[in-house]
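Data block below; observations after.
Every number in this text was worked out from the coordinates using simple rules, so none of it is lab data. Note that this is a predicted model, so its numbers are computed, not measured. Every residue, glycine among them, receives a Cβ derived from its backbone with ideal geometry; neighbour counts consider all protein chains shown.
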Ligand SMILES: [Cu+2]
């Protein structure tokens, strides 16, 4: 390694550290944790000091709207060793990165493996185009034998903010490549491409914090129920739940609703290739039917009252359907 590369790395490290500092400074983190932990993971930590450490380095140091950014997650075991071999595959990937812009028009769900970036020395890298200036939430999810772990960061992108618009329900449909690879951002800006799909949400009208809230969705295309939805990254439904000030984030998963008739009975065949973590049974649904629909369901416990936005991701053939919808929680 040349000296030049080394000093570049040192610079990146400094950028990473100062970024973590700014994540700590978020006043909305009422938990007092170093980052904005998601609730479920706190429960999984088996006592003091056993949780992996996730840091984030960003290049360029000052992110500019419209420029490609490189986000490198630094994954370490509490003993300081890089996590590489101790990372388990969960939901078909080793590291899941979810990015949500505070204007709620841009999300990302990307994975280092989809950029053909090997995870070496505990460094896992994704690239992302931030289309507008403003604050973005960046969440990384990993799994070790001790269970799931996630960290959430808030980053600032320089550049013009998008004009404020109400967060109305909106569907965005994108094409995914073989092996569920998708590396771009997903936009909910005005002229969305829906390819004839429609997803209606049946939510609980009276949504309260701290109690399980059941949601279900029905997927149609050109007015007809879609009965051959398929798993996306080993799950029938991926759900990103974010509070509108970015202070709370949950990454949940839903399931296919039970078919009412016997015509497409639930298969016991898991769709993945040995990708489930040993303790997956602790999280419930560890088998996903190969084909299902049109109904999907999920249960969410909102940590506190406020306005939230949910992003629900499902797959049909080579399309990823992403539904954004707001939920007001009392
Ligand atoms: Cu993922």
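In terms of overall dimensions, the C-alpha atoms belonging to the range 117-176 reach 43, 27, 23 Å along their principal axes, ordered largest to smallest. Relative contact order (percent) for the range 201-254, with alpha-carbon contacts under 8 angstrom and 6 or more residues of separation? Across the range 201-254, relative contact order equals 21 percent. Across the range 155-195, Cα-Cα distances exceeding 17 Å account for 52% of all pairs.
What FRET efficiency comes out for residue 206 versus residue 244 if R0 is 25 angstrom and r is the Cβ-Cβ distance? Round to the nearest 0.05. Walk me through the intermediate numbers first.
Values: r = 19 Å, r/R0 = 0.77.
For R0 = 25 Å, the calculated efficiency reads 0.85.
Using Stokes-Einstein with the Kirkwood hydrodynamic radius over Cα pairs, what translational diffusion coefficient do you get for the range 83-137 at 4 °C and a viscosity of 1.567 mPa s, in µm²/s rounded to a whole number?
Numbers: Rh = 12.4 Å.
This corresponds to a translational diffusion coefficient of 104 µm²/s.
With the simple spin-label model, which puts each label point 7 Å out from Cα in the Cβ direction, the residue 301 to residue 190 separation comes to 4.3 nm.
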